[in-house]
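Report on one structure; see the data block that follows.
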Amino acid sequence: MGYLTPRRLLVFYFMALFMSLIYVIYSFASWCPNSFKEMNMRFPNDGDVNELQIRDKMIYEKNELLKLLQSRFQKVETNLRRLYPEVASEILEKDSNPNDLPYIYAITPTYTRPVQKAELIRLSQTFLHVRNFHWIVVEDSDRKTKLVENLLEHSGLEFTHLNVKTPDAWKLAPKDPNWLKPRGVLQRNLGLTWIRENLKKGANKGVLYFADDDNTYDLQIFEEMRGTKKVSVWPVGLVGKLRYESPIVVNGKVTGWHTYWMPERDFALDMAGFAINIELLFDKPLVQFEYEVKRGYQETTLLRGFVTKEELEPLADNCRKVLVWHTRTEKADLRNEEKLKKYGKPPSDLTIEV
Ligand code: UGA
Ligand code: MN
């Protein structure tokens, strides 16, 4: 039994998977015409047409089989990352060559509240499906919390854990409307600094994305943004009290903004609606978010430093698809904890992490 370590089992699994792929490719080759010469010399007659139909059907079937194998492989990869995070990357790197795939660096500001763990678990388990992904989590606090630290350690993701506290003057009071003060400013800036200090222009290829912890992300948006040359943009669902906000695209170019609120802004879009090639961070080393800007101008302040509206790259089917949603999570209502105490009953066990 000692010989059957999880790691060996997995290596064996991948070998079997690899061999079945070889088999598929081999059988595909065996019914291709033997040479181009043979192909050029023959003209189709009735028999050939029949044969072609059979071949079409075979191609279709092999294609379906390939799709099945791909989706199985994706599942094994996800489970591997989740169950054996410490060896997953090593095994997977041997299997495929993702070296030329640009990285996605996602910056997520986050803060302690009852729903935090649920938010971060949901996000991390989405991100597990994304290849070449580095999660930069920045806690809005004086020190790193155990909750976030443990969560990241067990996430199976490549990550960087940072923290910086929002000054009291910029913190929303419980009764304040949420548009009064911007959130995540210092946290996102710290993420930008980390990229500028720890990555190198040219050596590290990738794009930066601001992934707030309460949004919902379709995996497709990550594959779309991966190819960003400067700054790419797309619609965001359920934001600005509209079904969606979106860049307006005419002949492949962004000409304006579909938004009720301040469409006159240079970049009238939500934080979740754009990605930036990290090269720009090195070319413009001073560009970052600022507190001292008009309300609603955080995105515009940053993007103005990097591009013009004409340079924006619309994604998601020319901005006709919603692939990210500004789903704000309802605050947890824990009032009955107090009531339990009041009636002499034990409240929930505080040593149980939620
Ligand atoms: C909207 C936008 O979608 C945000 O990108 C923008 O930062 C925010 O408004 C703003 O006006 O500043 P909204 O859902 O209202 O988003 O904001 P939150 O999701 O509450 O906050 C944005 C991010 O900052 C989240 O990742 C959140 O965890 C984090 N945050 C929030 C902190 O780090 N500290 C806080 O005190 C509050
Ligand atoms: Mn939000």
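Relative to the dominant Cα principal axis of the chain, helix 46-83 is inclined by about 30°. What do you get for the angle between helix 6-30 and the principal long axis of the chain? Use alpha-carbon atoms, 0 to 90 degrees, nearest ten. Helix 6-30 and the main axis of the chain meet at about 40 degrees. Helix 116-127 sits at what angle to the longest principal axis of the chain, using alpha carbons and giving 0 to 90 degrees rounded to 10? Long axis of 116-127 versus the principal axis of the chain: about 20 degrees. Applying a threshold of 20 Å to the alpha-carbon distances of K284/K309; K171/K309; K181/K294 flags K171/K309 as lying beyond it.
Couplings 3J(HN,Hα) of the range 167-181, computed from phi: x, 3, 4, 9, 8, 5, 6, x, 8, 5, x, 6, 7, 5, 9 Hz, in residue order, whole Hz [Karplus 6.51 cos²θ - 1.76 cosθ + 1.60, θ = phi - 60°; x for Gly and Pro]. This model, with +1 at the C-beta of Lys and Arg and -1 at the C-beta of Asp and Glu, gives the range 183-332 a dipole about its Cα centre of some 140 debye. Cβ crowding within 10 Å ranks W170, W234 as W170, W234, fewest other Cβ atoms first. Amide H contacts under 5 Å for I136: A106, I107, T108, T160, restricted to partners 5 or more places along the chain or on a different chain, H placed in the peptide plane at 1.01 Å from N.
State, as an integer percentage, the relative contact order of the range 98-325 based on alpha-carbon contacts under 8 Å between residues 6 or more apart. All intermediate terms of the calculation are to be shown ahead of the outcome.
On the way: 427 pairs, mean separation 51.8, N = 228.
About 23 percent, as a whole number.
Between amide H atoms placed 1.01 Å from N, distances below 5 Å from H258 occur with S246, I248, all of them 5 or more places distant or on a separate chain.
Based on DSSP H segments of at least four residues, each scored -39500 (n - 2.57), the chain has a per-residue ellipticity at 222 nm of -12500 deg cm²/dmol.
Using 1/(1 + (r/R0)^6) with R0 = 25 angstrom and r between the beta carbons of E310 and Q220, what's the FRET efficiency to the nearest 0.05? Working shown, then result.
Values: r = 26 Å, r/R0 = 1.03.
After rounding, the FRET efficiency stands at 0.45.
Using the crude model of +1 on Lys and Arg Cβ and -1 on Asp and Glu Cβ, and no other charge, please compute the dipole size for the chain relative to its Cα centre, in debye to 20. All intermediate terms of the calculation are to be shown ahead of the outcome.
Numbers: 51 positive and 48 negative charges, 145 e Å.
About 700 debye.
Take the residue pairs K117/K345; K253/K321; K117/K146; K205/K321 and return only those whose Cα atoms are more than 19 Å apart. Flagged as over cut-off: K117/K345; K205/K321.
Phi angles of the range 145-154 translate, via the Karplus equation with coefficients 6.51, -1.76, 1.60 and θ = phi - 60°, into HN-Hα couplings of 8, 4, 4, 6, 4, 4, 4, 5, 4, 9 Hz per residue; Gly and Pro are given as x.
Every number in this text was worked out from the coordinates using simple rules, so none of it is lab data. Everything numeric in this text was worked out from a predicted model, so none of it was measured. So basically every Cβ, Gly included, is an ideal-geometry build from the backbone, and we count neighbours across all protein chains shown.
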